[in-house]
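These notes concern the structure reproduced below.
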Amino acid sequence: MLSPTADRPTDELIVHTAVQFARALRLYGLSTSIDSEHVFLRALTEIDMRDAGAMYWAGHAAFVKSPDQIETYQVVFDRLWRGYPLVPGVRGSEHGESDARMGGGAHHGGEALPQFGGKGTEKVALDGDRTRAHADLPNADGEDATSNQKDGILVAWSAAEDLTETQAMKYQQDELSALRLLAEEIKRASPERNSRRQHASACGHRFDVRRTLRGSMATDGEAFRLSYTGPRPVPRRMLFICDVSGSMERYSRVLLASLKVAVGASRKAEAFVFATGLTRLTKSLDGRDFERALEKARATIPDWSGGTRIGGALAEFNRTYARRGFSRGAIVLVVSDGWDRGDPDILAGEVRRLQLQARRLIWINPRPMEVDKQPLAIGMRAAMPFIDEFVPGHDPRAIAGMAKLIGGLNTARPMRRSVPVAAPSA
Amino acid sequence: MLGYDSIEELRAALTQQRYLVDDGLGTVVFLALKLRRPLLLEGEPGVGKTELAKALAACSGAPLIRLQCYEGIDVHSALYDWDYPRQLLQLRAGGTTELYSSEFLLRRPLMEALAQPGAVLLIDELDRADDEFEAFLLEFLSEFQVTIPEVGVYKAETPPIVIITSNRTRDLHEALKRRCLYHWIEHPDLQRELAIVSARLPHIGQNLASQVCSFVQDLRWLDLYRSPGVGETLDWIEGFHALGRQSLDAQTADRTLGVLLKERDDLERIRSQGLEGLIARSQQPQQPKQPQPGWQGGVG
């Protein structure tokens, strides 16, 4: 912290620091803008800059826009306040840099702003890292980049197979045209619901005084023609929740492409994938460049081809997204073979929960029902009573089949009987 | 108009209204007042987002103007509407007054807030409105003015204090967030929750309050579908009080658990774990588990 006797840093230094701070936050994924920098700077004039808490909250108010950004913000702020370089490991090691800084006579928690602002090389370093961040985005041939993603839980998983998987991300021409068909089909079939918003409609039931009055002006205040409004249809949300675990590996590549197409085709489509945990892909699948969007999405899935915990993943969905209304009134499509390593009771409970919020819950299972006398996976059997429509034996690799399936989706509210369910155990 | 010279002054004023803010919220509210920016509050239901607006209005004695959002809310229910019956009469009577003039203008909450200097405008649960309405708000939030095509531009002389709340049932648009200061309100820690209870319910015994609060704090760690908020804690304590209980006992807790937990699965789960044990465990002195938001300082 600045000692109370220290002089106030110059305005130029403050501005410089604020801008660097914002850039570092941007680099870590917060969407800062000139506007938020401006807010931050104005906030700095209102608070005591020697007070770490006040500084923290001022930056928080200006830059943080959702609760999942708070942790990142904390880390970057911590670096700022301690006078560390905001982006670690760009030029030399982090320690090397802080050592050099301490050689300048400062200590941890020392005069953060001036030291940091005094670094002339920071800007270059930040820029340097920006290009590096781009290079980090894996591409189809970049095994190096993707292998970084494989740290952690997936280390135990066969590396050789992993390599072929990454290379196989390339799509054939016929696959691409099938995907385009799928997009058309989703656009065409896109389920709708009536919104509460009204629009002028000849067959509406609500009398529109405003429009009638407007019309009557032409006839000297005599309302000859009555106008009506009716509810305006808006697209219904479609939720795709796909299994990309090891047992679904054959389909994952095409599934991912289908998700990309679905998200692009409907304004209200949301894509999630799961293996051991749940990943929301809607944002990373965005963008015009097909291949790049897929690679980006692929890189955000930490447990690609990992083990399966369907119950756990759906629980995560129910607790985070469903509570925020993602599945309320939506058409939910789950694509999974139902191979689950978790507790089937948990799975059943979570599927029931999902169904309660969804308009219609559809489960697409690539495994044919009871083929070779093999019963359905236990998880699948547990979930069965809570599924409105079960599509067995559907090969998600056949994109044309998927398009047909989605085109023929029944989006009506299904009749449901109450199914007794065991109380969830602790 | 609210004018506070320091965060402490603001906090004291809010405390007088029985609304306790922590460092984070205090700073953000202070900045929102100083920078005249709308304040966007998000957080779990029942953490006191709406209450803040009420407390702020009470602080300054300014009117609180509330706009409850819902799907399909439009300009005519939020901003202005024309008084059609009167216009129609005027038209039929052959009057000479301009039909689309301020005489026939009905002011709805947003315009009302522009007209009243220093008003506190609460735009509640904005996430329930649709994208179109959010887009419409942009002009209002950045310029504190609205354009009525027939009349012209209305601008506030003193911009209102705007508090926007959202429950995150959908993501608000980036453009809207950009115009606001943002704060995520967490559930309070034990100490703060106790302080809130004693500020809000001064007639409740310290014993009951602290027992209930530590029990509720423990519940928030159980990863329930719907964690109880401060609002529910207050309700539950009042429930105990209404039943004449002075302390937290398992039997009464079991009977009144529906005041606190509103999901069947949660109720079943808590009951199957044994209320008695949970209550007993929560009453043991313990370290605070919840990492407090804010800059910790002491790391590394």
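The values are calculated or read from the model by the stated rules, or taken from the named source; none is laboratory data. Owing to the predicted nature of the structure, the values given are computational and were not obtained by experimental measurement. Using ideal geometry, Cβ is built from the backbone for each residue, glycine included, and neighbour counts are taken over all protein chains shown.
See the values below:
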item: Condition met for A:Ala322 (within 14 Å of another protein chain (Cβ to nearest Cβ) and either basic (Lys, Arg) or within 15 Å of the chain's Cα centre (by Cα) (or both)); result: yes
item: Filter pass, A:Leu30 being in contact (Cβ under 8 Å) with a residue 12 or more places away in the chain, assigned to a helix (DSSP H, G or I) and buried (at least 17 other Cβ atoms within 10 Å of the Cβ); result: no
item: Some residue of the stretch B:115-132 being of a type outside the set (S, T, N, Q), touching a Cys at 6+ places or on another chain (Cβ under 6 Å) and farther than 29 Å from B:Gln16 by Cβ; result: yes
item: Tally of residues being of a type in the set (Lys, Arg) and away from chain A (no Cβ under 14 Å) across the stretch B:26-75; result: 2
item: Qualifying positions in the stretch A:189-220 - in a loop (DSSP other than H, G, I, E, B) and under 28 Å from the mean Cα position of the chain (by Cα); result: A:Ser190, A:Pro191
item: Test: B:Asp74 is more than 13 Å from the chain's Cα centre (by Cα), in the same structural domain as B:Leu122 (by TED's automatic domain parsing) and farther than 24 Å from B:Glu232 by Cβ; result: yes
item: Which listed residue, of A:Gly277, A:Gly264, is away from chain B (no Cβ under 13 Å), out of contact with any Phe, Trp or Tyr (no Cβ under 8 Å at 6 or more places or on another chain) and surrounded by fewer than 16 Cβ atoms within 10 Å (Cβ to Cβ); result: A:Gly277
item: Scan of the stretch B:172-211 for residues that are free of Cβ contacts under 8 Å to residues at least 12 places away in the same chain and either of a type in the set (Asp, Glu) or within 14 Å of chain A (Cβ to nearest Cβ) (or both), ordered by number; result: B:Glu174, B:Arg178
item: Residue in the stretch B:87-100 that is within 14 Å of another protein chain (Cβ to nearest Cβ) and either touching a residue at least 24 places away in the same chain (Cβ under 8 Å) or of a type in the set (Phe, Trp, Tyr) (or both) present; result: yes
item: Helices (runs of 4 or more DSSP H) lying entirely in the stretch A:227-329 (those with 1 or more residues that are of a type in the set (Asp, Glu) and more than 30 Å from B:Glu71 (Cα to Cα)); result: A:249-265, A:290-300
item: Enumeration of residues in the stretch A:49-69 that are facing chain B (nearest Cβ under 9 Å), surrounded by fewer than 21 Cβ atoms within 10 Å (Cβ to Cβ) and either at pLDDT 90 or above or not in a helix (DSSP H, G or I) (or both); result: A:Ser66
item: Failed criterion for B:Phe30 (all others in (1) more than 14 Å from the chain's Cα centre (by Cα); (2) of a type in the set (A, V, I, L, M, F, W, C); (3) under 15 Å from B:Ala58 (Cβ atoms) hold); result: (3)
item: Flag if B:Arg108 is basic (Lys, Arg) and touching a residue at least 12 places away in the same chain (Cβ under 8 Å); result: yes
item: Among the candidates B:Thr158, B:Thr169, B:Thr147, residue that is among the hydroxyl-bearing types (Ser, Thr, Tyr), within 16 Å of B:Arg108 (Cα to Cα) and either more than 13 Å from chain A (Cβ to nearest Cβ) or surrounded by fewer than 22 Cβ atoms within 10 Å (Cβ to Cβ) (or both); result: B:Thr147
item: Where A:Arg324 falls short, out of the listed (1) in contact with a Ser or Thr (Cβ under 7 Å, 6 or more places away or on another chain); (2) buried (at least 19 other Cβ atoms within 10 Å of the Cβ); (3) not small (Gly, Ala, Ser); result: (2)
item: Scope the stretch B:239-285; condition of a type outside the set (Val, Ile, Thr), within 14 Å of chain A (Cβ to nearest Cβ) and touching a residue at least 24 places away in the same chain (Cβ under 8 Å); matching residues; result: B:Leu261, B:Lys262, B:Glu263, B:Asp265, B:Asp266, B:Arg269, B:Leu275, B:Leu278, B:Arg281
